[in-house]
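**Q** One structure, as C-alpha coordinates, below. Some questions next.
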Amino acid sequence: MPAARHPQVYLVDDDPDVRSAVSLLLKTEDFRVSAFEDANGLLGTVDERTPGCAVLDVRLPDMDGLSLQRELRRRGIRMPVIFITGHGDIPMAVRAVNEGALDFLEKPFHDDSLIEAVRHALVTDEDQRAGAAEMAQVEERLATLTPRERQVLEALLDGKPNKLIARDLDVSVRTVEIHRGNLMQKMGAKSASHLARLALACADFRDQPVSG
(Lines give C-alpha, C1' and ligand atoms only; values in the text may rest on other atoms or scores of the structure.)
Protein backbone atom coordinates (compact mmCIF):
# COMPACT_ATOMS: atom_id res chain seq x y z
CA MET A 1 0.00 0.00 0.00
CA PRO A 2 1.41 3.44 -0.94
CA ALA A 3 2.62 5.59 1.93
CA ALA A 4 0.36 8.44 3.02
CA ARG A 5 1.43 11.86 1.77
CA HIS A 6 0.26 13.76 4.83
CA PRO A 7 1.25 13.09 8.46
CA GLN A 8 -1.24 10.94 10.28
CA VAL A 9 -1.73 9.52 13.74
CA TYR A 10 -1.84 5.72 13.61
CA LEU A 11 -3.80 4.44 16.58
CA VAL A 12 -3.69 0.76 17.57
CA ASP A 13 -5.99 -0.39 20.39
CA ASP A 14 -8.11 -3.53 20.57
CA ASP A 15 -10.81 -1.82 22.64
CA PRO A 16 -13.37 -0.36 20.19
CA ASP A 17 -14.58 2.20 22.74
CA VAL A 18 -11.04 3.50 23.26
CA ARG A 19 -10.40 3.59 19.51
CA SER A 20 -13.57 5.56 18.96
CA ALA A 21 -12.99 8.01 21.80
CA VAL A 22 -9.32 8.66 21.02
CA SER A 23 -9.98 8.98 17.28
CA LEU A 24 -12.74 11.51 17.91
CA LEU A 25 -10.56 13.49 20.32
CA LEU A 26 -7.68 13.71 17.85
CA LYS A 27 -9.92 14.53 14.90
CA THR A 28 -11.46 17.44 16.82
CA GLU A 29 -7.90 18.83 16.97
CA ASP A 30 -7.62 18.46 13.16
CA PHE A 31 -5.26 15.49 13.25
CA ARG A 32 -5.64 12.88 10.53
CA VAL A 33 -6.26 9.54 12.24
CA SER A 34 -6.15 5.92 11.09
CA ALA A 35 -7.26 3.42 13.74
CA PHE A 36 -6.63 -0.33 13.94
CA GLU A 37 -7.61 -3.09 16.34
CA ASP A 38 -4.34 -5.02 16.02
CA ALA A 39 -0.70 -4.76 15.01
CA ASN A 40 -1.22 -6.37 11.61
CA GLY A 41 -3.56 -3.59 10.59
CA LEU A 42 -0.84 -1.03 11.19
CA LEU A 43 1.95 -3.10 9.64
CA GLY A 44 -0.11 -3.56 6.49
CA THR A 45 -0.58 0.18 6.11
CA VAL A 46 2.70 1.97 6.87
CA ASP A 47 6.22 1.77 5.52
CA GLU A 48 9.47 3.69 5.96
CA ARG A 49 8.14 6.58 3.85
CA THR A 50 5.00 7.08 5.91
CA PRO A 51 4.96 10.40 7.81
CA GLY A 52 3.27 10.61 11.19
CA CYS A 53 3.34 8.92 14.58
CA ALA A 54 1.94 5.79 16.21
CA VAL A 55 -0.18 5.66 19.36
CA LEU A 56 -0.03 2.07 20.60
CA ASP A 57 -1.77 0.24 23.39
CA VAL A 58 0.74 -1.89 25.26
CA ARG A 59 -1.60 -4.91 25.36
CA LEU A 60 -2.68 -6.06 21.91
CA PRO A 61 -4.21 -9.36 20.79
CA ASP A 62 -1.66 -10.47 18.18
CA MET A 63 1.56 -8.97 19.55
CA ASP A 64 2.23 -6.64 22.44
CA GLY A 65 3.07 -3.00 21.84
CA LEU A 66 6.77 -3.46 22.58
CA SER A 67 7.02 -6.25 20.00
CA LEU A 68 5.18 -4.06 17.51
CA GLN A 69 7.60 -1.20 18.12
CA ARG A 70 10.52 -3.57 17.49
CA GLU A 71 8.91 -4.82 14.29
CA LEU A 72 8.45 -1.27 13.05
CA ARG A 73 12.13 -0.57 13.69
CA ARG A 74 13.12 -3.83 11.99
CA ARG A 75 11.25 -2.67 8.90
CA GLY A 76 13.01 0.69 8.96
CA ILE A 77 9.87 2.56 10.07
CA ARG A 78 11.13 5.27 12.41
CA MET A 79 7.93 7.18 13.16
CA PRO A 80 7.73 8.28 16.81
CA VAL A 81 5.76 5.97 19.11
CA ILE A 82 3.54 6.96 22.04
CA PHE A 83 2.31 4.20 24.34
CA ILE A 84 -0.96 4.22 26.22
CA THR A 85 -0.93 1.80 29.11
CA GLY A 86 -2.76 0.47 32.13
CA HIS A 87 -1.11 0.64 35.54
CA GLY A 88 0.14 -2.94 35.37
CA ASP A 89 1.80 -2.32 32.01
CA ILE A 90 4.07 0.51 33.16
CA PRO A 91 7.27 -1.62 33.44
CA MET A 92 6.78 -2.72 29.83
CA ALA A 93 6.12 0.85 28.74
CA VAL A 94 9.30 2.01 30.48
CA ARG A 95 11.23 -0.64 28.54
CA ALA A 96 9.62 0.63 25.36
CA VAL A 97 10.74 4.19 26.10
CA ASN A 98 14.24 2.89 26.77
CA GLU A 99 14.12 1.29 23.33
CA GLY A 100 13.15 4.52 21.63
CA ALA A 101 9.48 5.24 22.28
CA LEU A 102 8.81 8.95 22.61
CA ASP A 103 6.37 8.84 25.53
CA PHE A 104 3.82 6.77 27.40
CA LEU A 105 0.54 7.78 29.00
CA GLU A 106 -1.15 5.87 31.78
CA LYS A 107 -4.89 5.22 31.44
CA PRO A 108 -7.01 7.14 32.15
CA PHE A 109 -5.03 10.03 30.73
CA HIS A 110 -6.04 13.67 30.30
CA ASP A 111 -7.07 14.69 26.81
CA ASP A 112 -4.55 17.53 26.81
CA SER A 113 -1.72 15.13 27.66
CA LEU A 114 -2.41 13.00 24.60
CA ILE A 115 -2.88 16.00 22.32
CA GLU A 116 0.41 17.54 23.47
CA ALA A 117 2.22 14.21 23.09
CA VAL A 118 0.90 13.79 19.55
CA ARG A 119 1.89 17.32 18.57
CA HIS A 120 5.39 16.72 19.90
CA ALA A 121 5.60 13.39 18.06
CA LEU A 122 4.57 14.89 14.73
CA VAL A 123 7.12 17.72 15.06
CA THR A 124 9.77 15.13 15.97
CA ASP A 125 8.89 13.07 12.90
CA GLU A 126 9.07 16.12 10.65
CA ASP A 127 12.48 17.06 12.05
CA GLN A 128 13.77 13.50 11.62
CA ARG A 129 12.59 13.37 8.02
CA ALA A 130 14.16 16.74 7.23
CA GLY A 131 17.46 15.54 8.69
CA ALA A 132 17.27 12.28 6.73
CA ALA A 133 16.55 14.17 3.49
CA GLU A 134 19.51 16.48 4.10
CA MET A 135 21.78 13.52 4.79
CA ALA A 136 20.61 11.81 1.59
CA GLN A 137 21.67 14.92 -0.33
CA VAL A 138 25.12 14.84 1.29
CA GLU A 139 25.49 11.15 0.38
CA GLU A 140 24.54 11.97 -3.21
CA ARG A 141 27.17 14.72 -3.34
CA LEU A 142 29.78 12.37 -1.93
CA ALA A 143 29.02 9.90 -4.71
CA THR A 144 29.94 12.54 -7.33
CA LEU A 145 33.56 12.78 -6.11
CA THR A 146 36.24 11.27 -8.32
CA PRO A 147 38.55 8.61 -6.82
CA ARG A 148 41.32 11.21 -6.55
CA GLU A 149 39.02 13.72 -4.82
CA ARG A 150 38.06 11.03 -2.32
CA GLN A 151 41.75 10.37 -1.65
CA VAL A 152 42.29 14.06 -0.99
CA LEU A 153 39.23 14.14 1.28
CA GLU A 154 40.48 11.15 3.28
CA ALA A 155 43.86 12.82 3.68
CA LEU A 156 42.24 16.07 4.81
CA LEU A 157 40.25 14.16 7.43
CA ASP A 158 43.57 12.72 8.61
CA GLY A 159 44.74 16.27 9.17
CA LYS A 160 47.39 16.23 6.46
CA PRO A 161 48.50 19.55 4.89
CA ASN A 162 48.47 20.03 1.13
CA LYS A 163 52.24 19.48 0.82
CA LEU A 164 52.08 16.10 2.52
CA ILE A 165 49.04 15.07 0.48
CA ALA A 166 50.87 16.05 -2.70
CA ARG A 167 53.86 13.94 -1.70
CA ASP A 168 51.74 10.93 -0.76
CA LEU A 169 49.80 11.07 -4.03
CA ASP A 170 52.85 11.99 -6.12
CA VAL A 171 51.22 15.10 -7.54
CA SER A 172 51.91 18.82 -7.33
CA VAL A 173 50.61 20.98 -4.50
CA ARG A 174 48.67 22.94 -7.11
CA THR A 175 46.93 19.75 -8.21
CA VAL A 176 45.96 19.01 -4.61
CA GLU A 177 44.59 22.54 -4.29
CA ILE A 178 42.47 22.05 -7.41
CA HIS A 179 41.11 18.72 -6.14
CA ARG A 180 40.42 20.30 -2.77
CA GLY A 181 38.52 23.18 -4.36
CA ASN A 182 36.52 20.81 -6.53
CA LEU A 183 35.47 18.55 -3.64
CA MET A 184 34.59 21.56 -1.48
CA GLN A 185 32.32 22.81 -4.27
CA LYS A 186 30.76 19.40 -4.92
CA MET A 187 30.09 18.81 -1.22
CA GLY A 188 28.68 22.31 -0.74
CA ALA A 189 31.17 22.96 2.07
CA LYS A 190 31.79 26.52 3.24
CA SER A 191 34.99 25.73 5.15
CA ALA A 192 37.35 22.89 5.99
CA SER A 193 35.55 22.26 9.27
CA HIS A 194 32.19 22.24 7.47
CA LEU A 195 33.59 19.76 4.96
CA ALA A 196 34.74 17.51 7.79
CA ARG A 197 31.32 17.60 9.46
CA LEU A 198 29.57 16.72 6.21
CA ALA A 199 31.94 13.87 5.40
CA LEU A 200 31.92 12.38 8.90
CA ALA A 201 28.12 12.29 8.89
CA CYS A 202 28.24 9.95 5.88
CA ALA A 203 28.40 6.20 6.36
CA ASP A 204 31.65 5.92 4.36
CA PHE A 205 33.55 8.16 6.79
CA ARG A 206 31.55 7.95 10.02
CA ASP A 207 34.08 5.76 11.85
CA GLN A 208 37.17 7.51 10.53
CA PRO A 209 39.23 9.14 13.30
CA VAL A 210 40.00 12.81 12.79
CA SER A 211 43.47 14.11 13.53
CA GLY A 212 43.72 16.93 16.05
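The values are calculated or read from the model by the stated rules, or taken from the named source; none is laboratory data. Computed from a prediction, not measured in an experiment: that's the story for all the values here. Cβ placement follows ideal geometry from the backbone for every residue including glycine, while neighbour counts extend to all protein chains displayed. To get the accessible areas, we keep the full protein, side chains included, count just its heavy atoms, and leave off ligands, DNA and RNA. Shrake-Rupley method; radii C 1.70, N 1.55, O 1.52, S 1.80 Å.
**Q** Determine, yes or no, whether A155 is closer than 30 Å to R78 by Cβ, without any contact (Cβ under 8 Å) to a residue 24 or more places away in the chain and in contact with a helix residue (DSSP H, G or I) (Cβ under 7 Å, 6 or more places away or on another chain). Even if it seems obvious, please write down each step before you answer.
**A** Working: closer than 30 Å to R78 by Cβ: no; without any contact (Cβ under 8 Å) to a residue 24 or more places away in the chain: yes; in contact with a helix residue (DSSP H, G or I) (Cβ under 7 Å, 6 or more places away or on another chain): yes.
When the stated conditions are applied, A155 does not pass them.
**Q** For the condition over 26 Å from A132 (Cα atoms) and either of a type in the set (G, A, S) or out of contact with any strand residue (DSSP E or B) (no Cβ under 9 Å at 6 or more places or on another chain) (or both), what is the one hit in A54, A93, A101?
**A** Answer to the check: A93.
**Q** So which strands (runs of 3 or more DSSP E) are wholly in the stretch 1-108 and hold at least 1 residues that are exposed (fewer than 15 other Cβ atoms within 10 Å of the Cβ)?
**A** 103-106
Condition check ((1) modelled with pLDDT under 90; (2) within 30 Å of G188 (Cα to Cα)) across all residues:
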{"site": "V94", "(1), (2)": "yes, no"}
{"site": "D111", "(1), (2)": "no, no"}
{"site": "L122", "(1), (2)": "no, yes"}
{"site": "E126", "(1), (2)": "no, yes"}
{"site": "A132", "(1), (2)": "yes, yes"}
{"site": "E139", "(1), (2)": "yes, yes"}
{"site": "T144", "(1), (2)": "no, yes"}
{"site": "Q151", "(1), (2)": "no, yes"}
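**Q** Right, here's the next one. Grab the helices (runs of 4 or more DSSP H) fully contained in the stretch 123-211, keeping just those with 2 or more residues being within 19 Å of the chain's Cα centre (by Cα) and under 30 Å from E48 (Cα atoms).
**A** 192-201
**Q** With respect to A201, is the statement that it is open to solvent by less than 40 Å² (accessible area, probe 1.4 Å) and free of Cβ contacts under 8 Å to residues at least 60 places away in the same chain true?
**A** Numbers: open to solvent by less than 40 Å² (accessible area, probe 1.4 Å): yes; free of Cβ contacts under 8 Å to residues at least 60 places away in the same chain: no.
Spelling it out, it is not the case that A201 is open to solvent by less than 40 Å² (accessible area, probe 1.4 Å) and free of Cβ contacts under 8 Å to residues at least 60 places away in the same chain.
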